[in-house]
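Engineer: Sharing a structure below in structure tokens format, with a few things to ask.
Readers should treat all values here as calculations from the given coordinates under stated rules, not as data from a laboratory. Quick caveat: nothing in here was measured; it's all calculated off a predicted structure. Cβ coordinates were reconstructed from backbone atoms using ideal geometry, including for glycine residues, and neighbour counts include every protein chain displayed.
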Amino acid sequence: MPDQSRRRFLSAAGTMIALPAFESWGWTRRLAAAADNSGARPKRVVFLGFGWGVTNDTWFPDVKQAGGSYILPEGLKPLERHKSDFTVIQGLSNQYNNEAHWGSTFWLTGANRYSEPGQSFHNSISADQVAAAHLGADTRFSSIQLGSEDVKTSGHGPGLSLAWDARGKPISGLDNPVGAFHRLFSADSLPLEQRQAKLAQRRSVLDAVLSDARRVERKLNRGDADKLDEYFQSIRDIEVRLSKEEQWLSIPKPGAPVQEPHEGLAGRDEIRMMYELIVAAFRTDSTRVITYRQPVGTLLKSLSIKFAPHDVSHYLPGERTVASQQRDTAQSELLATLIDQLKATKEPDGSSLFDHTILVYGSNIRTIHYLDNCPTLIAGRGAGLKLGEHIVLKEKNTPLCNLWLSLLNGVGAKVKSHGDSTGTLSEVLVG
């Protein structure tokens, strides 16, 4: 039996690793992203996810008004000035979703939580990470995950962000605007030589951990061998992050195009600031893939709504319905300002960020406990998808992953399937 005291630990990029505790005693490679040498402006992807759903009767357009001449409902009215630049899609859902208030856990994955025998929870890679494997090779950060400290009252379910890696493991996020700002734009205070030494030390520890793992590999039963294989994948993920860090070690971060946020921003102010940071990250090409798991509880507080988020989601005629509608309107107002900023930010060739970005806004939950017809809005010209439309799909419960597959192909990540997809969503494709 190996001496457990020999198990080594590595602290890298916020991750602590050690040899797993095997029963016997007591890695999928990331897709390689090719650099775009065509001279075209890079494509960007941003997913904005919220919990608790929407007000069913006043957020969705009338299903009888499919096409471009539909009337915007009250919940989307603040987006009127951008109507020709976004599309609302009805009829999408994740077939395996069975949790009434998990607004984001399987939103971008379409996974079946019970697909692994003997496990009560399983997830798979999220659409943003598939996009990051293709779009993230030439940026400092392959992807950025934004979130909020308001997790318990925001209806999101398990996960550390909207993002899940190739093994279906949660990827941590930056949970406040100040932390996100410093991650994107603040210079490292340590001299280059010290940072190089720290990186070399982390690589040395990683090598030692791998050596220990290889030593015990031949002595494991099948169950532990599977566990070790998963462990090797986690090591390989850390190697990828270390290589990325090494690549950018001597390259200074860009100057911040926005002011440093104030501490303590919450609710509406927090979301507004995170949206500004999303534009800043794309503008400086710090990353090309961003997810944002948005707060709901603090948003309601900032709107002086007295009801708990769960109670607002279970709205009844009267004050709760009014509160639910106020939430929808506030979220749409914030989204409209983000689109304003994407359109106003110019690229070197005179085009706008909006011309090269695809933005998705939505949730895994429609309303109350209903998990069909997930609220789905897409904007931006970065993936060749139809805009200015209200699309009502003929087949109800069309896999949401069909949209993700269409989007991924649109930004150049040529994958054959994603999650429970059955094909691309022809109704939303141009041409």
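Engineer: Given a Förster distance of 30 Å, report the FRET efficiency between residue 337 and residue 308 from their Cβ-Cβ distance, rounded to the nearest 0.05.
Structural biologist: On the way: r = 27 Å, r/R0 = 0.89.
The value I calculate is 0.65.
Engineer: Binning at 10 angstrom from zero up to the longest distance, how are the C-alpha pair distances of the range 380-431 distributed in percent?
Structural biologist: Reading the bins upward from 0: 27, 56, 17.
Engineer: Still on this structure: On a full-extension model of 0.36 nm per residue, what is the gain between residue 322 and residue 344, subtracting their alpha-carbon distance, rounded to one decimal in nm?
Structural biologist: Values: separation 22, 0.36 × 22 = 7.92 nm, distance 3.29 nm.
Result: 4.6 nm gained on full extension.
Engineer: Amide H of residue 388 versus every other amide H placed in the peptide plane: which residues, excluding those fewer than 5 positions away on the same chain, fall under 5 Å?
Structural biologist: Under 5 Å from the amide H of residue 388: 85, 86, 87.
Engineer: Provide the per-residue ³J(HN,Hα) series for the range 422-427, in order, calculated from phi with Karplus coefficients 6.51, -1.76, 1.60 and θ = phi - 60°, each as a whole number of Hz, with x at glycine and proline positions.
Structural biologist: 10, x, 6, 8, 4, 4
Engineer: Using θ = phi - 60° and the Karplus form 6.51 cos²θ - 1.76 cosθ + 1.60, what ³J(HN,Hα) does each residue of the range 253-262 get, whole Hz, x for Gly and Pro?
Structural biologist: Running phi through 6.51 cos²θ - 1.76 cosθ + 1.60 with θ = phi - 60° gives 5, x, x, 6, x, 10, 6, 4, x, 6 Hz.
Engineer: Right, another one. Going by amide H atoms built from the backbone, whose H comes under 5 Å of the H on residue 174, apart from near neighbours?
Structural biologist: 145, 146, 147
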